[in-house]
Amino acid sequence: MTTTSTTPDSPLPGLVHGLYAEGEPIRDTKAPTGPIDRRWNTRKFEASLVNPANRRKLSVIIVGTGLAGGAAAATLGEAGYNVKSFCYQDSPRRAHSIAAQGGINAAKNYKEDGDSVYRLFYDTVKGGDYRSRESNVYRLAEVSTNIIDQCVAQGVPFAREYGGLLDNRSFGGVQVSRTFYARGQTGQQLLIGAYQALERQVAAGTVEMFNRHEMLEVVVVDGKARGIIARDLVTGEIETHLADAVVLASGGYGNVFYLSTNAMGSNVTATWRAHRKGAYFGNPCYTQIHPTCIPVAGEHQSKLTLMSESLRNDGRIWVPKNAADCEKDPREIPEEDRDYYLERIYPSFGNLVPRDIASRQAKNVCDEGRGVGPKVGDFRRGVYLDFTDALKRMSAEAVAEKYGNLLDMYQRITGENPYEVPMRIYPAVHYTMGGLWVDYDLQSSIPGLFVTGEANFSDHGANRLGASALMQGLADGYFVLPHTIRDYLAKGPFDKLDESHEAVAEARASVDARVAKLLSINGDRSVDSFHKELGNIMWEYCGMERSEEGLRKAIDLIRGLRDEFWRNVKVLGAADTLNQSLEKAGRVADFLELGELMCIDALHRRESCGGHFRAESQTEDGEALRHDDEFAYVAAWEWGGQDGAPVLHKEDLVYEFVELKQRSYK
Amino acid sequence: MNLTLKIWRQAGPTTKGEMVTYPVTEISEDMSFLEMLDVLNEQLNARGEEPIAFDSDCREGICGMCGLMISGKAHGPEVTTTCQLHMRSFSDGDEITVEPWRADAFPVIKDLVVDRSSFDRIIQAGGFISANTGSAPEAHSVPVPKDKADRAFMAAACIGCGACVAACPNASGMLFMGAKITHLGELPQGQPERDARVVNMVSQHDHEGFGGCTNIGECSSACPKEIPLDVINQLNKDLRGALMRGE
Ligand SMILES: Cc1cc2nc3c(=O)[nH]c(=O)nc-3n(C[C@H](O)[C@H](O)[C@H](O)COP(=O)(O)OP(=O)(O)OC[C@H]3O[C@@H](n4cnc5c(N)ncnc54)[C@H](O)[C@@H]3O)c2cc1C
Ligand code: SF4
Ligand code: FES
């Protein structure tokens, strides 16, 4: 049975740092060599074709209906494959991609401002702090232009200029205007486009849709992914679904922190279960913390809300110089007693420094006791984002025209009027760059298991630039996976399988046992209380700033908490009905395992890089210090077994086109 | 603040439901309505009573998953989604009733959770533009006048929550459908399938058991995205035209 999961207290002998083993290096074998701008074409040409008449006989399971999964399901359905699509919400249209606000990048160069595929490629590699694969990122930039064409043809109502052509804006500190947007609802509009294409295939009979279904296990037979075990969340029935290939497009795992900008149901279960069956997990500790979120208001808080970082274009960020002023009405604090700390430390970039730096400095000033807003725990966790100057300079109407919907949202959530009182913001977990390791074909280390969108580790390195996750999701779903998966499917249809096969029955039995176990513990603590405690540990020790000492402490705490979870969690209700506590319990159980791996990954990476700052690796003036000589690799972790330790496989990152440089924003 | 909640409890799709009274205490006005229910659920769980089932996901007003009838109003007293409603909209001592959406086309699954898959089937019937992946022309080859693009965007803001249906005395889905007809109908790309779209969607809508529209307007007042009533006029106009052209 695979239920309890305590790791022994004393470390196993021969482990690095007492925590993990080091295995063979790995590498991607699918990307062609040669000029970077020809690699994708070469791969498309070399990938085997599947005769249209055979496609109907080939079946593909796709878990997830966000941009990455919805686009793939629609496209494979149109091509004539037999697709089964899964999501846990009541409709595919509600995947969390819907919440993306700011926009989507594409190298269209409509503004003739010097943009190009190469520049988008270059910016994305640099933005990822040189921890992503050049071939993948180049391909992403290359297909970005097709995405815009496709979405416009579907009726996605992007913002337009008076002449009727598409509008662009510059986003996230980039110097060209390449971001396409639909007011603050870009993700919604792109997802509705993919959703409608998907529903069209449901009507055509090529895609069968399973709403309110949660994947709980992957079926691996003779080393190949051949299906999933899913729970019908309405009836509670455990179902077996078999296919020739499986695609995981299940999104990110930011909810390991409990509070994040992710949806309540966002989870790691799909990818974690695959990890336990042999799929390597790439760079699990790479998380992105977004600087402009609405701060935590109290203990009851269930999630955090992002406000577009475009607010930093006109708002000024500050805290009081003196901790004694932190409780005062900000309007009564005179100019000379305010610390516009980003403008002070980074005079040339000021409030527009990249996300990671803005986030960390906010944490620093709050740690110094100069945060504002309500106390949560021992500290006030908030800094002012002040529009007073902008309101004087631009008029209230102009501010409302540009930012009205964001300011209204702020007012609705906090009850404060941002036209009168400075807003308060604080960083929050927003995106996970880590995910299942995949090769250039987006195939994981389990043959036949493909991973797309935020669920894979692939394109953003150690830090993601704004407006590039939507681009990656749709690139993977519409334009990459449909080509690479055919190379795999061309070898099929694979041996016919039925539910009585030993490996299938075993996968199913393990799910049944886990559900039964969760319902039988009947302890004292709710699932949410465990989730909150885990989130606090992760945020404190594996959040914006990490140290060896803190991470070691976190690992111990997580092990203890996981142990308690399996002894003391209280999940009421039955297995054979809608049971939201049971759903949450399964997700939290997996977060409790992932959290430990994230800390181990963070601990082994003794450098400050991209979204994460390592206390032991900083320059004299406290800035992030990367170590390319030691760490220019992808850390791909293999599951080490229930009582074993994870095994690290390194994929060296080779830069043939972009020169590695330390970032500097001073 | 302290409140009295009367909440619909129903164990399953075929069981009979009833209103159950739950007092809640020490509710902060900064909580969202759903966080207030989270607090209640933690208390129920601690007492060994099964928590109340309700839907939510994004909790930021965009996914359309949440939706409760709060004291007789879809999404409660403000123009917003249930998840964005905050407790400062209520006062100490209030009695609040909480029920699921009520409509034949949205059967109750459990407690406050309903089945809205009928909306998906309306989209399947024609709420799309047929453009296979890879077949699209260059995006700038067809300019779209800004006023048309803006109106399409306004209608595309619908989040498919179903409040319009819940608010309508006829349980009609016309506002939801009109929003889609308007979104796609304003765009040049939506023209080739325009007639077939409206006819097929309306036929599916009626087949699902949604009621007809008698111009009451409750839908639009309840809509968190403020979709205006004139999308229904657009739908009716398109439908008449399509039928006249023999679709
Ligand atoms: C508030 C917010 C704003 C953002 N803004 C931007 C932006 O402006 N620009 C940008 O580029 N990016 C932005 N991002 C990031 C971007 O939105 C996401 O990274 C991206 O949309 C993820 O898409 P996806 O398809 O990989 O996953 P998701 O959209 O998260 O979809 C996951 C899918 O998997 C399903 N699923 C998950 N687990 C299971 C399971 N176990 N069983 C069955 N189904 C399952 C879910 O039902 C869902 O359908 C933002 C993110 C957030 C949170
Ligand atoms: S029209 Fe408004 S109320 Fe109806 S589903 Fe759309 S957003 Fe909800
Ligand atoms: S939970 Fe997404 S709109 Fe309310």
Report whether or not A:S59 is more than 16 Å from ligand 2 (Cβ to nearest atom) and either of a type in the set (S, T, Y) or at the interface with chain B (Cβ under 9 Å from one of its Cβ atoms) (or both). yes
Single unsatisfied condition, A:G278 versus (1) surrounded by fewer than 24 Cβ atoms within 10 Å (Cβ to Cβ); (2) within 14 Å of chain B (Cβ to nearest Cβ); (3) in contact (Cβ under 8 Å) with a residue 60 or more places away in the chain: (2)
When residues of the stretch B:96-123 are limited to those that are of a type in the set (K, R) and more than 7 Å from chain A (Cβ to nearest Cβ), the one surrounded by the most Cβ atoms within 10 Å (Cβ to Cβ): B:R121
Among the residues of the stretch B:8-32, how many are over 16 Å from B:V113 (Cβ atoms), surrounded by 15 or more Cβ atoms within 10 Å (Cβ to Cβ) and more than 10 Å from chain A (Cβ to nearest Cβ)? 2
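Yes/no per residue for (1) at pLDDT below 95; (2) more than 14 Å from ligand 2 (Cβ to nearest atom); (3) closer than 24 Å to B:V98 by Cα:
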residue	(1), (2), (3)
B:G173	no, no, yes
B:A179	no, no, no
B:G185	no, yes, no
B:A196	no, yes, no
B:Q204	no, yes, no
B:C213	no, no, no
B:A222	no, no, yes
B:K225	no, no, yes
B:L229	no, no, no
Extreme residue, least open to solvent (accessible area, probe 1.4 Å), among residues of the stretch B:141-159 that are away from ligand 3 (no atom under 16 Å from the Cβ) and more than 7 Å from chain A (Cβ to nearest Cβ): B:A155
Return the residues of the stretch B:58-79 that are within 12 Å of chain A (Cβ to nearest Cβ), buried (at least 21 other Cβ atoms within 10 Å of the Cβ) and within 14 Å of the chain's Cα centre (by Cα); say none if nothing qualifies. B:G61, B:I62, B:C63, B:G64, B:M65, B:C66, B:G67
(1) open to solvent by 10 Å² or more (accessible area, probe 1.4 Å); (2) within 22 Å of B:M69 (Cβ to Cβ); (3) touching a residue at least 40 places away in the same chain (Cβ under 8 Å): which one isn't true of B:G162, the others all being true? (1)
Return the residues of the stretch B:124-136 that are open to solvent by less than 20 Å² (accessible area, probe 1.4 Å) and either within 16 Å of ligand 1 (Cβ to nearest atom) or not hydrophobic (A, V, I, L, M, F, W, C) (or both); say none if nothing qualifies. B:G126, B:G127
Only one of these conditions is not met by B:E60: (1) part of a loop (DSSP other than H, G, I, E, B); (2) under 25 Å from B:G217 (Cβ atoms); (3) within 16 Å of ligand 1 (Cβ to nearest atom). Which number is it? (2)
Against the definition (under 22 Å from the mean Cα position of the chain (by Cα) and at pLDDT 95 or above), how does A:E607 come out, yes or no? yes
Taking the residues in the stretch A:366-386 that are without any contact (Cβ under 8 Å) to a residue 12 or more places away in the chain and in a loop (DSSP other than H, G, I, E, B) as candidates, determine which candidate is most open to solvent (accessible area, probe 1.4 Å). A:D378
Would you pick out the residues in the stretch A:528-577 that are assigned to a loop (DSSP other than H, G, I, E, B), open to solvent by 10 Å² or more (accessible area, probe 1.4 Å) and of a type in the set (V, I, T)? A:T577
Mind checking which residues of the stretch A:246-268 are within 16 Å of ligand 3 (Cβ to nearest atom) and not in a loop (DSSP other than H, G, I, E, B)? A:N255
What pairs come out if I take residues in the stretch A:387-413 that are under 20 Å from B:P224 (Cβ atoms) and open to solvent by 50 Å² or more (accessible area, probe 1.4 Å) and pair them with residues that are assigned to a helix (DSSP H, G or I) and among the β-branched types (V, I, T) whose C-beta lies under 9 Å away, six or more apart or interchain? none
Scanning the stretch B:212-227 for residues that are open to solvent by 40 Å² or more (accessible area, probe 1.4 Å) and either outside any helix (DSSP H, G or I) or within 15 Å of ligand 3 (Cβ to nearest atom) (or both) gives B:G212, B:C213, B:T214, B:N215, B:I216, B:K225, B:E226
Only one of (1) among the hydroxyl-bearing types (S, T, Y); (2) away from ligand 3 (no atom under 16 Å from the Cβ); (3) assigned to a loop (DSSP other than H, G, I, E, B); (4) within 20 Å of the chain's Cα centre (by Cα) fails for A:Y110. Which number is that? (4)
Kindly evaluate B:E138 against the criterion of being touching an Asp or Glu at 6+ places or on another chain (Cβ under 7 Å), acidic (D, E) and either within 14 Å of chain A (Cβ to nearest Cβ) or within 16 Å of ligand 3 (Cβ to nearest atom) (or both). yes
Looking at the stretch B:40-51, which of the residues that are within 9 Å of chain A (Cβ to nearest Cβ) and either in contact with a strand residue (DSSP E or B) (Cβ under 7 Å, 6 or more places away or on another chain) or part of a loop (DSSP other than H, G, I, E, B) (or both) is nearest to B:V165 (Cα to Cα)? B:P51
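Give the residues of the stretch A:624-639 that are of a type outside the set (K, R) and open to solvent by less than 30 Å² (accessible area, probe 1.4 Å), sorted by residue number.
A:F631, A:A632, A:Y633, A:V634, A:A635, A:A636, A:W637 - these are the residues of the stretch A:624-639 that are of a type outside the set (K, R) and open to solvent by less than 30 Å² (accessible area, probe 1.4 Å).
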Scope the stretch A:288-347; condition aliphatic (A, V, I, L, M) and within 14 Å of chain B (Cβ to nearest Cβ); matching residues: A:I294, A:V296, A:A297, A:L304, A:L306, A:M307
Residues A:A203, A:A197, A:A153, A:A182: which one is of a type in the set (G, A, S) and within 25 Å of A:G265 (Cα to Cα)? A:A197
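The values are calculated or read from the model by the stated rules, or taken from the named source; none is laboratory data. Just so we're clear, the structure is a prediction, and the values are computed from it rather than from any experiment. So basically every Cβ, Gly included, is an ideal-geometry build from the backbone, and we count neighbours across all protein chains shown. Ligands, DNA and RNA are excluded from the accessible area calculation, which covers all protein heavy atoms including side chains. Shrake-Rupley method; radii C 1.70, N 1.55, O 1.52, S 1.80 Å.
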